[in-house]
Protein chains: 2
Amino acid sequence: MTSSFNPPTRTLMGPGPSDVHPRVLAAMSRPIIGHLDPAFIDMMDELKDLLQYAFKTENALTLPVSAPGSAGMEACFVNLLEPGDKVIVCQNGVFGGRMKENVERCGAQAVMVQDAWGKPVDPDKVEVALADNPDAKALAFVHAETSTGACSDVEALCALARQHGCLSIVDAVTSLGGCELRVDDWGIDAVYSGSQKCLSCVPGISPVSFSERALDLIGNRHSKVQSWFLDMNLVMGYWGSGGTRAYHHTAPINPLYALHESLVMLKEEGIENAWQRHRLNHRALAAGLEAMGLSFLVEQDYRLPQLNAVTVPQGIDEAAVRKILLNDYNLEIGAGLGEFAGKLWRIGLMGYASRKENVLKCLGALDATLQQLGADIDGGTAVAAANSLYNSR
Amino acid sequence: MTSSFNPPTRTLMGPGPSDVHPRVLAAMSRPIIGHLDPAFIDMMDELKDLLQYAFKTENALTLPVSAPGSAGMEACFVNLLEPGDKVIVCQNGVFGGRMKENVERCGAQAVMVQDAWGKPVDPDKVEVALADNPDAKALAFVHAETSTGACSDVEALCALARQHGCLSIVDAVTSLGGCELRVDDWGIDAVYSGSQKCLSCVPGISPVSFSERALDLIGNRHSKVQSWFLDMNLVMGYWGSGGTRAYHHTAPINPLYALHESLVMLKEEGIENAWQRHRLNHRALAAGLEAMGLSFLVEQDYRLPQLNAVTVPQGIDEAAVRKILLNDYNLEIGAGLGEFAGKLWRIGLMGYASRKENVLKCLGALDATLQQLGADIDGGTAVAAANSLYNSR
């Protein structure tokens, strides 16, 4: 007979999900109530306010999609695109490729702007693509590329989109809560994120936000949104403000308790303080890695603090290292994707996982494991270097 | 400053979500691990086996979609349909209408077979529609209509579909775990359910299962599935058996712990015993309601044990009753939908909520509230009638 599942207790420092704070787990296991219960509707209103806080937006259409970040991405494309539309899609990692898939499955055309994996999106190339495609409806790109750890300049890219009369669609799955993101100030038209990265909630929910301009477009489509489940015209009937909430689908009640709690904690800390914390822990991790002699994929100016892509030393089997870390230290770090499979580790410092004890644990474990495997590194230096960075503040 | 959300403790006897067992809430709040962690992958394999048990199927493609039942419905249609296809859709309540929306948003044509709300789907009408539409690709219908409490004859309808060379697509959102459902014996090709009804898990997950015939069709489509997120060709790369699991999207780790636990509990009880328990508690509830003089929408032979649609007595404001039940008894029952708004209550006895103490609580509270509001009922009789039914076993 299959028995209850008792997971091991891990430290999650991969590309997400990240460590979940005990307060969030406790919130999630509170008693379930109905999805039309007045108490739940009050919670929904708070949740929308908290998401506006996190996104730094006043957008009325700001809500959590009841599915993972991939569905949030799809929600943005299927609501904004109609067959025959043209979208400029920037690709500098895995997730730009996923955007292309989404655009094409809407019956729209994707004009690709390619940058090397590990580089940020190049605004000059984007400007050329916008000039060459005056009929483009939208510009889509990833803020924080989870596959490489590169951060692109959202403000500059959105300004270009606006100058050329395009909507901007931004993937903020890994950026929200972990680094500067200002939806209104930067003029983003549609943005989606995930609950399981720098918000440190459980996976399965995708916060989204749409500008007034995007909202008008969604309300005045020529064709129906191809997804009934993700049709914002219907979803808004449940999440919309005031009056009666119309049943659309059953909201994931308890995971929304969890998201609410994680956002309450973000607000208690202050989002700017959270950004600062992510930067500090990144600098300490970087000090330790560099002391060992390891290097980063991404140039310093474009490095995400929450996702650190680190090159594997010559002659080392990266999977063997991750296996030792998992089995001996209960520590998860991520592998490289695509062209970087076998060549990179991805060390996440996201949300609740971005804290001093995790940085020190990870550096100590990685240092010891690499020494154990005979890697050509400057062993025994990493933790001290990180501590020194913390103490120099 | 927004503070933590502390929900009231309710008894959930509406159309879902249903009460969640403390074991399921405890499982959900266990520590998060990665979605590619070997321990998680073992849990996924168990979860697929448990879902096969619950669906009574050997179908290899049996897995939990990472989103609510509405997305499970959409997963069935977008994977099986291509533009220009024709589907016979049976409607005898709200959810047949939702199927029609899904079919049309796939660029396919829905041929509707209408039955009155509260009636089961009429196999004779279906046979005529199948004969009139030899080019139809699929027959789609709802097993357990949550909006009315009517149960349709899945076995007979699937046999008709097969005789006419059609696939069968079955909505089992409210039936799975609550009444007889045999995916293999009845020859169902695609079936979807929800976690929050008779499985008594938290909402947000949709178990689905596809037959070999459906699987072949999905693997040999002319066009790509219009939803990237729900494309089973991709989802199978993560949930498929053996070898490496390819990342598709981040699974909702903790809600899947919860689903695992709810299915472990179902298997401990034995699914036939769970069906029997639902029938017994329904009979006790019915005895109490009928003693008061209340009547059911659905004829006895087609009544679902887990969803009881009860007519509101003349002159009684049904919303006022639900408000008293919620505020004074922390008891949620459901309202009527569509043409039955204001005329019906929907009393759920689903999963963990289907137990004697809930039946007695609900009858006592409803009896007292109707008396309080001066309804023309036979007051004070309901609980005794139910007790008598329980004692007569």
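Read the figures in this text as sums done on the coordinates, not as results from a lab. Computed from a prediction, not measured in an experiment: that's the story for all the values here. All Cβ positions, even for glycine, are placed from backbone atoms using ideal geometry, and neighbour counts span all protein chains on display.
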Discussion item. What does the copy distance list look like for B:ALA319, label position 7 Å along Cα→Cβ, in nm and ordered from shortest?
Written reply: 6.0
Practice prompt. Return the calculated 222 nm mean residue ellipticity for the protein assembly as shown, to the nearest 500 deg cm²/dmol, obtained by summing -39500 (n - 2.57) across DSSP H runs with n ≥ 4 and dividing by the residue count.
Written response: -13000 deg cm²/dmol
Worksheet entry | Dipole in debye (nearest 20) - chain A, about Cα centre, beta carbon charges: Lys, Arg +1; Asp, Glu -1 | 720
Response to the item:
For A:SER392, inter-copy label-point distances (7 Å, Cα→Cβ), nm, shortest first, read 8.4
Worksheet entry | Inter-site label distance for B:ASP216 and B:ASP376 at 7 Å from Cα along Cβ, in nm | 6.1
Worksheet entry | Debye intensity ratio I(q)/I(0), log10, the protein assembly as shown, q values 0.05, 0.08, 0.09, 0.10 Å⁻¹ (C-alpha model) | -0.26, -0.66, -0.83, -1.02
Worksheet entry | Fluctuation leader among B:SER175, B:SER223, B:SER209 - chain B, Gaussian network, Cα springs under 10 angstrom | B:SER223
Worksheet item: Sorted from fewest to most neighbouring beta carbons within 10 Å, what does the list A:SER29, B:SER206, B:SER388 look like?
Response: B:SER388, A:SER29, B:SER206
Worksheet item: Ranked highest first by the average count of other Cβ atoms within 10 Å around their residues, in what order do A:258-269, B:307-318 fall?
Response: A:258-269, B:307-318
Discussion item. How long are the semi-axes of the equivalent ellipsoid of the stretch A:214-288, taking √(5λ) for every eigenvalue λ of the Cα gyration tensor, in whole Å from largest down?
Written reply: 37, 18, 12
Worksheet entry | Computed over chain A: relative contact order in percent, which uses C-alpha pairs under 8 Å that are six or more apart | 23
Worksheet item: Which distance in nm do the two modelled labels at A:GLU155 and A:ARG182 give, with both placed 7 Å along the Cα-to-Cβ direction?
Response: 0.5
Worksheet item: Which residue fluctuates the most in chain A, going by a Gaussian network model with Cα springs under 10 Å, if the choices are A:ASN220, A:ASN133, A:ASN59?
Response: A:ASN220
Worksheet item: Using 7 Å Cα-to-Cβ label points, what is the A:SER223/A:ALA341 separation (nm, one decimal)?
Response: 3.4
Discussion item. Taking the number of other C-beta atoms within 10 Å as the exposure measure, put B:ARG322, B:ARG221 in order starting with the fewest.
Written reply: B:ARG221, B:ARG322
Discussion item. What whole-number distance in Å separates the alpha-carbon centres of the stretch B:165-181 and the stretch A:269-301?
Written reply: 52
Worksheet item: Is there a simple number for the mean count of other chain Cβ atoms within 10 Å of the Cβ of residues in B:102-113, and what is it?
Response: 2
Fill in: Förster radius 45 Å - calculated FRET efficiency between B:SER295 and A:GLU104, Cβ distance, rounded to 0.05
0.25
Practice prompt. Would you mind listing the distances between the B:GLN371 label point and the same position in each other copy? Use 7 Å along Cα-to-C-beta, nm, one decimal, shortest first.
Written response: 7.8
Discussion item. Averaged over its residues, how many other protein chain Cβ atoms are within 10 Å of peptide A:18-31's Cβ atoms?
Written reply: 5
Response to the item:
Between the alpha carbon centres of the stretch A:114-130 and the stretch B:342-393 the gap in Å comes to 66
Practice prompt. Take peptide B:192-203, look around each residue's Cβ out to 10 angstrom, count Cβ atoms belonging to other protein chains, and average those counts.
Written response: 3
Worksheet item: With no solvent and one point per C-alpha, what does the Debye sum give as log10 I(q)/I(0) for the stretch B:21-268 at q = 0.10, 0.12 Å⁻¹?
Response: -0.45, -0.64
Worksheet item: On a 0 to 90 degree scale, rounded to 10, what angle separates helix A:382-391 from the longest Cα axis of chain A?
Response: 60
Item to complete: Using only C-alpha atoms and all pairs of different ones, pull out the Kirkwood radius for the stretch B:271-391 in Å with one decimal.
Response: 14.3
Discussion item. List the pairs from A:LYS267/A:LYS361; A:LYS86/B:LYS48; B:LYS119/B:LYS224 whose alpha-carbon separation is above 31 Å, in the order I gave them.
Written reply: A:LYS86/B:LYS48; B:LYS119/B:LYS224
Response to the item:
For A:69-75, B:39-45, ranked highest to lowest by mean beta-carbon neighbours within 10 Å, the order is A:69-75, B:39-45
Worksheet item: If you stretched the chain out fully between A:ALA246 and A:GLN163, how much longer would it get, using 0.36 nm times the residue separation minus the C-alpha to C-alpha distance?
Response: 26.1 nm
Practice prompt. Note down the magnitude of the dipole of the protein assembly as shown about its Cα centre, charges +1 on Lys and Arg C-beta and -1 on Asp and Glu C-beta and zero elsewhere, to the nearest 20 debye.
Written response: 1080
Worksheet item: Given +1 on the Cβ of Lys and Arg, -1 on the Cβ of Asp and Glu, and no further charges, what dipole in debye does the stretch B:271-391 carry about its Cα centre, rounded to the nearest 20?
Response: 380
